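Everything on this sheet refers to the single structure shown next.
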Amino acid sequence: MELLTFLNRTDLHKTIRNSVKAIIIRDNKLLVIRNTTGGDDWYLLPGGGQNHGETLVEALKRECIEEASVEIEVGDILFIRDYISRNHEFAEEENDAHQVEFIFHCTIAPDAQPGMGSVTDIWQTGVEWLPLKRLYEFDLYPSQLKEVLAQGIPDRHNIYLGDVN
């Protein structure tokens, strides 16, 4: 194979995006980012993409300020998940994404009042607290967290969730 042909192969230009997410629980409620598309609400944990030269902890602190106007203390890593879009329900809209998410247990000051940040994603329409016992009622992603977090932060669990949505 010629060098130029090798360098132009499209599979060499595909990347895996690192992302960080915060699980913040207060008063048996989970802090989430509300997003809206087509009139439907769906929810994500606060967080986002890691920038080059940024640690996971730095990225998570930045993202929580940007999206939810809240400073956090980053604790232990709770979960890691792959998200390979072609394997899930949004494959038609986004069939080439591969993201690895590092999900941390985080805390905020007791008097902190999260709200819309200054640098939000295009679908973000709010910041909310969802009751842990009612997570199954909401379109929360990754959806596997609904069952895992229904009782709060688990003492023992598998850290790697797999390729889930």
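Using 0.36 nm per residue, how much length does the chain from TRP42 to VAL100 gain when fully extended, once their Cα-Cα distance is taken away? Spell out each step's value before the answer.
Numbers: separation 58, 0.36 × 58 = 20.88 nm, distance 2.01 nm.
Using 0.36 nm per residue and subtracting the Cα-Cα distance, I get 18.9 nm.
Taking semi-axes √(5λ) of the Cα gyration tensor in Å as the quantity of interest, determine which of [x] 23, 18, 15; [y] 28, 18, 13; [z] 29, 18, 17 was computed from the displayed structure. Correct label, based on the coordinates given: [z].
Which of rounded, prolate or oblate describes region 108-165 when judged by the alpha-carbon gyration tensor and an a/c cut-off of 1.5? In terms of gyration-tensor shape, prolate. For the chain, the relative contact order is 28 percent, taking Cα pairs closer than 8 Å that sit 6 or more residues apart in sequence and dividing their mean separation by the residue count.
Quick one: how many lysine pairs does region 14-154 have with C-alpha atoms less than 17 Å apart and a gap of 8 or more or different chains? Give me the count, please. Show your work: numbers first, answer last.
Values: LYS21/LYS29; LYS21/LYS61; LYS21/LYS146; LYS29/LYS133; LYS29/LYS146; LYS133/LYS146.
Value for region 14-154: 6.
Distance between the modelled labels on MET116 and ARG156, one decimal in nanometres: 4.6 nm (7 Å Cα→Cβ projection).
In plain terms, the residue of ILE33, ILE16 with the fewest other Cβ atoms within 10 Å comes first and the most crowded comes last, giving ILE16, ILE33. Considering only GLN151, PHE79, TYR141, the residue lying farthest towards the positive end of the dipole of the chain is GLN151, judged by Cα position with unit charges set on Cβ. Amide H contacts under 5 Å for ARG26: LEU31, restricted to partners 5 or more places along the chain or on a different chain, H placed in the peptide plane at 1.01 Å from N.
Values in this text are rule-based calculations from the coordinates and carry no lab data. Only a predicted model underlies this, so the values are computations on that prediction, with no experimental measurement involved. Don't worry about glycine lacking a Cβ; one is built from the backbone with ideal geometry, like all the others, and counts go over all protein chains shown.
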